[in-house]
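> Okay, handing you the structure first.
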Amino acid sequence: MVSSPMEAALASGVAIWAERGGLLFKQARHAASMNQKALATVSGTSRTTLSAYEHGRKSPTLETAGRILDAAGFRLALEPKVEFAARPFPVPSRLWRLPVAAALGMARLRGRDYDLADRAERRAAYTLLLCEGSPQELHDHVDGVLLAELWDDLDLPPDIRAEWGPLVAEARDGTGVFNW
C-alpha cells in the first residue's frame with residue numbers, strides 16, 4: 001500500500017522504467033535477430049524471466065540488464081539528458097552527438113529531403129531546424145560537433161544566434177558536454 005504522494009510517484013516511475021527497459025530488451029533482441037529462448041540462453045536467464053522483463057512485469061538488476069544487452073551485442077551506457085527550454089523556439093540545455101548514420105544521413109523536413117553528408121544541405125537543414133524545428137526534430141538531426149563546425153556559416157536571426165551561441169562556444173572550446 002502506498003502511503004504518500006512521494007511513494008506513489010516513485011512507484012509510478014519504477015513502472016514506467018520497467019516498461020521502457022522491456023522495450024529496450026525487445027529492440028536489442030530483434031536487432032540481434034534472436035528469439036527469446038536464444039537470448040535467454042546466451043545471457044544466462046530463463047525465457048520466462050526474459051519475457052517478464054520485456055513486458056514490464058519484472059525489473060532486472062543493473063548487472064542482469066547489462067548481461068542481457070551484452071548477449072544481444074549492445075552495451076548499457078550513460079548518456080547526458082538534453083532538455084529544451086520553453087521559449088519562442090526550442091533551446092537545449094546542452095549539445096549532443098548523434099550516431100554517424102543519423103548525423104550524416106538523410107533528413108526529411110517540411111516535405112524536402114536533406115542529405116546531411118553534404119555540407120551545403122546540412123547547412124540549409126540546420127538553419128531550418130534551429131529556426132523552425134521541434135525539440136524532437138532537433139534531437140534527431142542536429143549533431144553538436146557538426147553544428148559547431150557550421151555555426152559561422154548559418155544564416156540565423158539574432159535571437160536564435162544569441163540563445164544557441166553559448167552552447168556552440170562551449171563545444172568549440174571543449175567545455176561542452178557531449179556523449180562521445
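The values are calculated or read from the model by the stated rules, or taken from the named source; none is laboratory data. Note that the structure is predicted; figures quoted are calculated from it, not measured. Note: ideal-geometry Cβ built from the backbone for every residue, glycine included; neighbour counts use all protein chains shown. Surface areas here come from the heavy atoms of the whole protein model, side chains and all, with no ligands, DNA or RNA. Shrake-Rupley method; radii C 1.70, N 1.55, O 1.52, S 1.80 Å.
> Taking the structure as given and computing P(r) over Cα pairs in 10 Å bins from 0, in percent, which label from (i) 9, 33, 32, 18, 7, 1; (ii) 9, 31, 28, 13, 10, 6, 2, 0; (iii) 9, 28, 24, 24, 14, 2 fits?
Matching the structure shown: (iii).
> Amide H to amide H under 5 Å from residue 91: which residues, 5+ apart in sequence or cross-chain, H placed 1.01 Å off N in plane?
85
> Please state the Cα pair-distance histogram of segment 65-155 with 10 angstrom bins from zero: what percent is in each bin?
16, 44, 26, 13, 2
> How would you classify segment 128-180 from its alpha-carbon gyration tensor, with a ≥ b ≥ c the square roots of the eigenvalues: rounded for a/c under 1.5, else prolate if a/b is greater than b/c, otherwise oblate?
Since a/c reaches 1.5 but b/c is at least a/b, the shape of segment 128-180 is classed as oblate.
> Using a 1.4 Å probe, what is the accessible area per residue for the chain, in Å²?
Numbers: 10830 Å² over 180 residues.
It amounts to 60 Å² per residue over the chain.
> Could you tell me how far the Cα centroid of segment 20-64 sits from the Cα centroid of segment 109-180, in Å?
One Cα centre to the other: 37 Å.
> OK, next. Show which aspartates and glutamates lie in cross-link reach of residue 81 when reach means a straight Cα distance below 20 angstrom and same-chain residues fewer than eight apart are skipped.
Correct list for residue 81: 19, 137, 140, 143, 163, 170.
> Taking the Cα centre of the chain as origin and charging only Cβ (+1 Lys, Arg; -1 Asp, Glu), how large is the dipole, in debye to the nearest 20?
Dipole size: approximately 960 debye.
> Ordering 159, 152 by accessible area with a probe of 1.4 Å, largest first, what comes out?
Ranked from most to least accessible, the order is 152, 159.
> Once neighbouring chains are kept in place and the probe is 1.4 Å, which whole percent of the accessible area of the chain is contributed by carbon and sulfur?
Result for the chain: 56 percent of the exposed heavy-atom area is carbon or sulfur.
> Computed from the mean reciprocal separation of all distinct C-alpha pairs, what Kirkwood hydrodynamic radius does segment 22-114 have, in Å? Walk me through the numbers before you get to the answer.
Details: mean 1/r = 0.0630 Å⁻¹.
Result for segment 22-114, one decimal place: 15.9 Å.
> If the reach is capped at under 27 angstrom between alpha carbons, list the lysines near residue 37, excluding any in the same chain fewer than eight residues apart.
26, 58
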